[in-house]
Amino acid sequence: MLKTNKLEEAPEVKAIMEDIIPEDVKEVINISVIFDLGEAKKEIAKAKKADKFLNFYTGIDFIIVVNKEEFEKLSEEHKKALIKHETEHIEIYEDKEGNPKARLRDHDVECFTSVVAEYGPWTIELKQLERVIRKVAK
Ligand SMILES: [Zn+2]
């Protein structure tokens with residue numbers, strides 16, 4: 001077998017994910033977690049939808065790819081936050097027949113801090129984020 005990818009099983013990350021994702025989500029989708037030992041990337045982790053071939057042969061629906069070197073620098077709390085973030089990218093919905101489906105979704109807040117610094121929380125999403133930050137900061 002050709003071995004061109006620098007990938008490694010990530011049981012520590014899998015355990016964090018198993019604690020985080022709700023049971024009803026676990027029943028619907030199969031998420032795999034893997035460490036990428038390749039060169040540093042922009043993101044510490046990324047959720048990806050499995051292509052049809054990977055899904056056919058393994059039953060995996062989504063993969064969370066984690067940069068091992070960067071992941072290991074995080075505190076335990078931030079490791080959980082990272083994995084929670086990535087699992088939030090996976091959205092469960094029902095198709096027209098009521099069958100559960102899953103897809104990737106974008107962040108619910110996207111912004112530049114420089115714009116917020118000048119204009120404050122000017123969108124509905126930023127106002128929601130402001131409320132959440134005030135609530136957890138108490
Ligand atoms: Zn993200």
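The values are calculated or read from the model by the stated rules, or taken from the named source; none is laboratory data. Owing to the predicted nature of the structure, the values given are computational and were not obtained by experimental measurement. Please note: Cβ atoms are built from the backbone with ideal geometry, for glycine as well, and neighbour counts cover all protein chains shown.
Taking the criterion of being touching an Asp or Glu at 6+ places or on another chain (Cβ under 7 Å) and among the basic types (K, R), the residues of segment 69-104 that qualify are K101, R103. Of the helices (runs of 4 or more DSSP H) contained entirely in segment 39-115, those carrying at least 2 residues that are under 19 Å from I29 (Cβ atoms) fall at 52-58, 76-88. Whether a residue is under 11 Å from the mean Cα position of the chain (by Cα), within 16 Å of the ligand (Cβ to nearest atom) and within 27 Å of S32 (Cβ to Cβ) was assessed, and H78 does not pass this test. Annotation: of all residues in segment 6-38 being aliphatic (A, V, I, L, M) and part of a loop (DSSP other than H, G, I, E, B), the one that is farthest from the ligand (Cβ to nearest atom) is L37.
I want to confirm something. Restricting to segment 22-36 and keeping residues that are among the aliphatic types (A, V, I, L, M) and either over 15 Å from H89 (Cβ atoms) or out of contact with any Asp or Glu (no Cβ under 8 Å at 6 or more places or on another chain) (or both), which single residue is surrounded by the most Cβ atoms within 10 Å (Cβ to Cβ)? Selected residue: V33.
If the requirement is being in contact with a Phe, Trp or Tyr (Cβ under 9 Å, 6 or more places away or on another chain), farther than 24 Å from N5 by Cα and either β-branched (V, I, T) or at pLDDT 95 or above (or both), which of these qualifies: V132, V116? Answer to the check: V116. F56 meets the stated requirement of being at pLDDT 95 or above, away from the ligand (no atom under 15 Å from the Cβ) and farther than 23 Å from E125 by Cβ.
Quick check on E97: is it surrounded by 11 or more Cβ atoms within 10 Å (Cβ to Cβ), without any contact (Cβ under 8 Å) to a residue 12 or more places away in the chain and charged (D, E, K, R)? No.
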